[in-house]
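Input: a single structure, listed below in structure tokens.
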Amino acid sequence: MQIPLMDLKAQYNTIKAEVLDAIQNVCENAQFALGPAVEAFELDFAKYCEAKHCIALNTGTSALHLALRALDIEPGDEVITVPMTFIATAWSISYVGAKPVFVDIDPVTRTLNPLKLEKAITQRTKAIMPVHLYGQPAEMDAILAIAERHGIPVIEDAAQAQGARYKGKRTGSIGTAAGFSFYPSKNLGAFGEGGALTTNDDKIAERVRSLRDHAQSSRYHHVEVGYNYRMDGVQGAVLGVKLKHLDDWNAARRRHFDAYRKGLAGSEKLTLPIEPDYAESACHLFSVETDDRDILCDGLTKSGIGVSSHYPIPVHLQPAYSHLGRKAGSFPVSERLANRCLSLPMFPEMSAEQIRFVCDSISRVDQGAREGVAG
Ligand SMILES: *Cc1c(COP(=O)(O)O)cnc(C)c1O
């Protein structure tokens, strides 16, 4: 049985007629950059996130970048984030000339450890950017309490957490602002690139709206250095159609998450992800941990199962950030997860049979390894 890590084609097939119709509409109206489909999506997504504003953008990286620009963060400033994330979190900090300052993750939630946060705050700290990794919301109350004490805004990197909830609140409505990605592989994925910023703050919303479209006060009058970070009309139309299915897709992911946890409960070698009481995860990825990651990866690949590591190298150990001088051993929890994590296939259209096949394949690899050692 071939089981990919994710199957975008299976999803396309379930919404084909609807989505092609919406794309055709954009083509016939010839509104290709921003336009009514994007505006409609912004209203729908703000409502979905229970946030006051949504500004649609070209990527999630741009969303995080503009959040920092809108807060006037600049060279000399520091922004706190985690080393265990996709690199784009750190890029956004570098784009405004600020310095990424890392705080290690909690080993269970795999998100920013609030107990380690306060020590990292300095006079120069201008924002805190927790990441809802794998769709699992960070411990926002504890993070916000510390941030408020120091008067520092919190920007959620919600790129992997469309539709997740923290103590009942939707991600994207909890911090000062949030960045979402609609890269095709995310829970809500465009047919190309896409992103959005959500916020309850009117000033931030207005500034981001201006910055994404060349910072024009009126046509060809530019009040500051801006960007072309606009969303395409086609992506707005696709996302508008797909948003209506997101809750069902996330519910399917949750069923797979639970089925994996049941199916793999007997595997002594694996540490399984959990969903803490405070959260409803978006179940973006099902990432297990094991000391024998390479053996498991090879074994599953040979069985036709798509796997990947998110992410094999933490940000502070990337050559791009060697100038920060944070050596191996600086953030042991992140480094341990990076060395041990393996994401199993996870997409809404998976069948119970496919989940069972993955679980059975894992126990076969386990057994093979044990017999190999014994022999
Ligand atoms: C995908 C992702 C981003 C970047 O989003 P793009 O749309 O690819 O620019 C940022 N942070 C995290 C955690 C992500 O997973």
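The values are calculated or read from the model by the stated rules, or taken from the named source; none is laboratory data. Computed from a predicted structure; not experimentally measured. Every residue, glycine among them, receives a Cβ derived from its backbone with ideal geometry; neighbour counts consider all protein chains shown. These accessible areas exclude ligands, DNA and RNA; they are computed on the full protein's heavy atoms, side chains included. Shrake-Rupley method; radii C 1.70, N 1.55, O 1.52, S 1.80 Å.
Couple of notes before you dig in:
- Leading residue by the ranking (farthest from Met84 (Cα to Cα)) among those in region 134-173 that are in a strand (DSSP E or B), in contact (Cβ under 8 Å) with a residue 60 or more places away in the chain and not basic (Lys, Arg): Tyr166
- Of the strands (runs of 3 or more DSSP E) that lie entirely inside region 51-114, not one contains 3 or more residues that are within 10 Å of the ligand (Cβ to nearest atom), within 24 Å of Gly236 (Cβ to Cβ) and aliphatic (A, V, I, L, M).
- Members of region 164-182 that are more than 15 Å from Leu246 (Cβ to Cβ) and open to solvent by 30 Å² or more (accessible area, probe 1.4 Å): Lys167, Gly168, Lys169, Thr176
- Region 192-209: number of residues that are within 17 Å of the chain's Cα centre (by Cα) and more than 18 Å from Ala164 (Cα to Cα): 3
- Cβ separations smaller than 8 Å between residues 6+ apart or across chains give the following pairs from region 113-133 residues that are in contact (Cβ under 8 Å) with a residue 60 or more places away in the chain and closer than 15 Å to Ile93 by Cβ to residues that are of a type in the set (D, E, K, R) and within 16 Å of the ligand (Cβ to nearest atom): Met129/Glu156; Met129/Asp157.
- Just one of the listed residues (Ala190, Ala196, Ala205, Ala161) is open to solvent by less than 20 Å² (accessible area, probe 1.4 Å), among the small types (Gly, Ala, Ser) and away from the ligand (no atom under 16 Å from the Cβ), and it is Ala205.
- Ile152 being modelled with pLDDT of 95 or more, more than 19 Å from the chain's Cα centre (by Cα), closer than 21 Å to Ser92 by Cα and not polar (S, T, N, Q): yes
- Exactly one residue among Ser330, Ser361 is hydroxyl-bearing (Ser, Thr, Tyr) and surrounded by 20 or more Cβ atoms within 10 Å (Cβ to Cβ), and that residue is Ser361.
- Just one residue in the set Ala17, Ala10 is part of a helix (DSSP H, G or I) and either within 16 Å of the ligand (Cβ to nearest atom) or open to solvent by 30 Å² or more (accessible area, probe 1.4 Å) (or both); that residue is Ala17.
- Any chance Ala142 is open to solvent by 30 Å² or more (accessible area, probe 1.4 Å), more than 30 Å from Asp7 (Cβ to Cβ), at pLDDT 95 or above and away from the ligand (no atom under 16 Å from the Cβ): yes
- Close pairs (6 angstrom Cβ cut-off, 6 or more residues apart or separate chains): farther than 21 Å from Thr89 by Cβ in region 183-207, within 16 Å of the ligand (Cβ to nearest atom) anywhere: Phe191/Val238; Gly192/Gln235
- Region 353-365 residues that are over 14 Å from Leu270 (Cα atoms), paired with ones that are of a type in the set (Val, Ile, Thr) (beta carbon under 7 Å, 6 or more apart): Gln354/Ile3; Phe357/Ile3
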